[in-house]
Amino acid sequence: MQKILFLGLIVLMSVASGSAQEQSGSAQPRLMNKTEFDLFLHDLERDSVRWMNMGSEVDVSSLKDLPYRKGQLMEKAKNRLHKNLSAIQDDVGSLRKAVTLTSQLDLLLDLEETASSMDDLGNDLDFENSADLDKVSSWLSDAGKASGEILDAVVKLYGHLRELSRHIDRQIDVGRIH
């Protein structure tokens, strides 16, 4: 019964994440101006702190009857998420000092890795005792919402970088750089 409820929550989370992806995917790529990019960084910095707090709220030790190996897997996913969110915060700090193409690409990579680790955390959340259902459901809901927000940021930054690349291509024959 617990596994069925858990699978139902995952399906619900996947559907919610999928609809966020579809909405994000419909946006046209566009180059952000300086003000928009600064706002994007501001929002990303604020959201990464919130996502980090959300990840910190996942307290594996509070779950009843959880086998050690399952708890260890959940802790690894949580630690990887924290590491990736810290990398995003470092990237934002670098971009506030100087906006370079390299630092923007680093941010895109770290956002994609964070999206993957947020999904991993959501997929690894498990419970053995039905008394933990509400707690795990809340964590799954938060992880699903955060995954959608991270994917929205990925799509927005990718669109910006794609348009920036087109702008560079019009000015420089990158084939001659090799």
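Values in this text are rule-based calculations from the coordinates and carry no lab data. Keep in mind it's a predicted model, so treat the numbers as computed, not measured.
The Cα atoms of the range 42-178 give a gyration tensor whose axes a ≥ b ≥ c have a/c of 1.5 or more with a/b greater than b/c, which makes the shape prolate.
Pairs exceeding 19 Å between alpha-carbon atoms, taken from K76/K145; K64/K145; K64/K135; K70/K135; K34/K145; K34/K83: K76/K145; K64/K145; K34/K145; K34/K83.
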